[in-house]
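**Q** Structure in structure tokens, see below.
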Amino acid sequence: MDFAIPDHLVEFRETVRRFTETELIPHEDYVEEHDGLPEDVERRIRERALAIGLNSMGMPEDVGGGGMDVLGQVLVTEELFRALGGVAECVPTTPSVMLACDEEQRERFLIPCVRGDIQWCFALTEPDTGSDAAGIRTRAALRDDGSWVINGRKRFISHGDTADFAIVFALTHPDREQDRITAFLVEKGTPGFGVGQLHKTMGHRGYRQAELVFDDCAVPAANVLGEPGRGFSLGHGALSAGRIMTAARCLGPMARLIDDGLEWAKQRVQFGRPIADYQAIQFMLADCATDLHAARLMTYEAAWAADQGQPPKTVHAKASTAKLFASEALGRVADRVLQIFGGTGYMNETYVERAYRNARIERIWEGTSEIQRIIIARNLLKRGMFR
């Protein structure tokens, strides 16, 4: 296997690193204090991201996206998420499920998303269903005129309070064993569609989570995404890519934590010597570097496997392995680096304190660590080691 990263990706990664350092990181203190950024700042970040080609980098070029392969997206995501998530998430993205849009939907939803003109949210999780996504209770009933009426609640929906439209998954064919769920594009302002509780979270200031409420919300047939009953297949098909990108989002914080830990260890003096001279600190830094290196290799290889067109089940297992390891490695790295900083690391003004809080969710969203272990084990039992 060739481990060399193509020259054009190396160059673009450096561009993204500069963008992160100049356009994202300077806003971290504000977003941490105010749980969000001013609208004009978000708009400026979007504009500058578009100017260097960061808009919806995984979307095809024929809809205005970057047409980047999975490995390229991983490298870019790693650099962007050296910044706190509440700032990095200002860079426009478009979920792969939107490629199921028909021609009319492409003009109304897909292309404006790619351009960064409108924002989406992914409404799948419910109060009683998290990991068991197939068990959702939100329902949509077909009316005589061909429209659908949605009733139910979604929760923990990222950007749910600010999104221009929601990709909503609802049970439409309860009597079937398969093909029971349909995806809908529900626009903000649609009667019967509202925002409920805004959840206060442990970390990720500025990356708000909201409850969405559907009360006899009528949606036209033109807003069905894909085929009726095939919504779960759409959502499930995006899981591998989502888990690879979650792993990539863990790499950036790990790298920045190690950089900060190294710098602190060199300058912090105790008992007349920099603490970097002490073996206890050296061992913690060595363990951090090992975790990051292993997580990088797993994530890059999973992305490479996807780009090579390896069997979907193989890619799915590799994505789960990368997500599991990287998310748990980030927690270990954050814990060690906070220990290196000592009491200073416990203060909110330090990056390590913020990264420590933010790291915890990575083991939960996009499938918990326990779900990933189930996927990996099933693949082993059925096909052996990633075959």
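The values are calculated or read from the model by the stated rules, or taken from the named source; none is laboratory data. Fair warning: this is a prediction, and the values are worked out from it, not measured in the lab. Every residue, glycine as well, gets a Cβ built from its backbone with ideal geometry; the counts of neighbours run over all protein chains shown. Quick note on the areas: whole protein, heavy atoms, side chains included, nothing else; ligands and nucleic acids left out. Shrake-Rupley method; radii C 1.70, N 1.55, O 1.52, S 1.80 Å.
**Q** Looking only at segment 120-137, filter to residues that are crowded, with 20+ Cβ neighbours inside 10 Å and in contact with a Ser or Thr (Cβ under 9 Å, 6 or more places away or on another chain); which one of those is farthest from His199 (Cα to Cα)?
**A** Of everything passing the filter in segment 120-137, Ile136 is farthest from His199 (Cα to Cα).
**Q** Which members of segment 56-65 meet the condition of being open to solvent by 20 Å² or more (accessible area, probe 1.4 Å) and within 18 Å of the chain's Cα centre (by Cα)?
**A** If the condition is that a residue be open to solvent by 20 Å² or more (accessible area, probe 1.4 Å) and within 18 Å of the chain's Cα centre (by Cα), then Met57, Gly58 are the ones that fit.
**Q** Arg108 is checked against (1) at pLDDT below 95; (2) in a helix (DSSP H, G or I); (3) open to solvent by 20 Å² or more (accessible area, probe 1.4 Å) and fails just one. What number does that condition carry?
**A** Result: Arg108 passes all but (1).
**Q** Another one. If we keep just the residues of segment 302-339 that are without any contact (Cβ under 8 Å) to a residue 40 or more places away in the chain and closer than 20 Å to Met68 by Cβ, which is most open to solvent (accessible area, probe 1.4 Å)?
**A** Among those residues, the one meeting the criterion is Gln308.
**Q** Identify the residue in segment 204-252 that is assigned to a helix (DSSP H, G or I) and among the basic types (Lys, Arg) and, among all such residues, is least open to solvent (accessible area, probe 1.4 Å).
**A** Arg243
**Q** Which numbered condition trips up Thr201, out of (1) over 16 Å from Ser158 (Cα atoms); (2) open to solvent by 30 Å² or more (accessible area, probe 1.4 Å)?
**A** The one condition Thr201 does not meet is (1).
**Q** Any idea how many residues of segment 121-151 are touching an Asp or Glu at 6+ places or on another chain (Cβ under 7 Å) and not in a loop (DSSP other than H, G, I, E, B)?
**A** Within segment 121-151, residues that are touching an Asp or Glu at 6+ places or on another chain (Cβ under 7 Å) and not in a loop (DSSP other than H, G, I, E, B) number 2.
**Q** Can you give me the number of residues within segment 20-49 that are surrounded by fewer than 18 Cβ atoms within 10 Å (Cβ to Cβ) and within 10 Å of Val91 (Cβ to Cβ)?
**A** So the answer is 1.
**Q** Restricting attention to segment 364-387, which residues are under 17 Å from the mean Cα position of the chain (by Cα) and open to solvent by 80 Å² or more (accessible area, probe 1.4 Å)?
**A** Selection gives Ile364 alone.
**Q** If you don't mind, another one. Could you look through segment 340-363, keep only residues that are charged (D, E, K, R) and without any contact (Cβ under 8 Å) to a residue 40 or more places away in the chain, and pick out the one that is surrounded by the fewest Cβ atoms within 10 Å (Cβ to Cβ)?
**A** So, considering only residues that are charged (D, E, K, R) and without any contact (Cβ under 8 Å) to a residue 40 or more places away in the chain, the one surrounded by the fewest Cβ atoms within 10 Å (Cβ to Cβ) is Glu353.
**Q** A further question follows. Being closer than 24 Å to Trp264 by Cα and open to solvent by 50 Å² or more (accessible area, probe 1.4 Å) is the filter; apply it to segment 290-301 and report the residue that is nearest to the chain's Cα centre (by Cα).
**A** Applying the filter and picking the extreme gives Arg296.
**Q** When only residues in segment 1-19 that are aromatic (Phe, Trp, Tyr) and under 25 Å from Ala305 (Cα atoms) count, which is least open to solvent (accessible area, probe 1.4 Å)?
**A** Out of the qualifying residues, it is Phe12.
**Q** Cβ-Cβ under 9 Å, sequence separation 6+ or interchain: first residue in segment 261-277 and part of a helix (DSSP H, G or I), partner of a type in the set (Asp, Glu) and open to solvent by 40 Å² or more (accessible area, probe 1.4 Å). Which pairs?
**A** Ala265/Asp277
**Q** Return yes when Ala289 is touching a Leu at 6+ places or on another chain (Cβ under 8 Å), of a type in the set (Gly, Ala, Ser), in a helix (DSSP H, G or I) and modelled with pLDDT of 95 or more and no when it is not.
**A** So Ala289 fails the test.
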